[in-house]
Amino acid sequence: MADDLTDSLRDSPIPPDELPDYLVDAIDRQDPDRLRLVSNYALSLAGWKERQAEQEVSEQAEQDPDEVPDEWDEDDWEAVKEEAVDKAGIASTKGTITTKTINGNDYYYLQWREGEKIKSQYISPVSPSSSE
């Protein structure tokens, strides 16, 4: 039993592969009190970022998922929206339509919540004439 305890004190926890080396190195150099501060801060920051993302989705949810955008023919819109719903693997009644601007171009996305995470699925450009 004493050997197990000694072994566990010798073996440092293994960091997740997803953490960059520079972050792991910086964390490893900290004493236990500072590590607890970092842990509390990281948890608070994660919660804040999740709330920010929720607020962004709420603010972007300008369009009722059943409403056809002015720029679109109803049949064309239903086809691209249904394709996005199929790719997302969600019920067609779930989610909201949002507009995102990327590199100066506007795009429609389907967004929904899965537990604590907000998921997105590309639908199309806002203007159907520039659709792919």
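The values are calculated or read from the model by the stated rules, or taken from the named source; none is laboratory data. All of these numbers come straight from a predicted model, not from anything done at the bench. Here the Cβ positions follow ideal geometry from the backbone for every residue, glycine too, while neighbour counts run over all protein chains shown.
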Any strands (runs of 3 or more DSSP E) falling wholly within the stretch 69-132 and containing at least 3 residues that are farther than 23 Å from residue 49 by Cβ
105-114, 117-125
Could you please let me know if residue 71 is at pLDDT below 80, more than 25 Å from the chain's Cα centre (by Cα) and under 30 Å from residue 127 (Cβ atoms)?
yes
Only residues that are touching a residue at least 24 places away in the same chain (Cβ under 8 Å) and exposed (fewer than 14 other Cβ atoms within 10 Å of the Cβ): list them for the stretch 93-112, please.
93, 105
Out of the stretch 6-37, which residues are of a type in the set (Ser, Thr, Tyr) and over 26 Å from the mean Cα position of the chain (by Cα)?
6, 8, 12
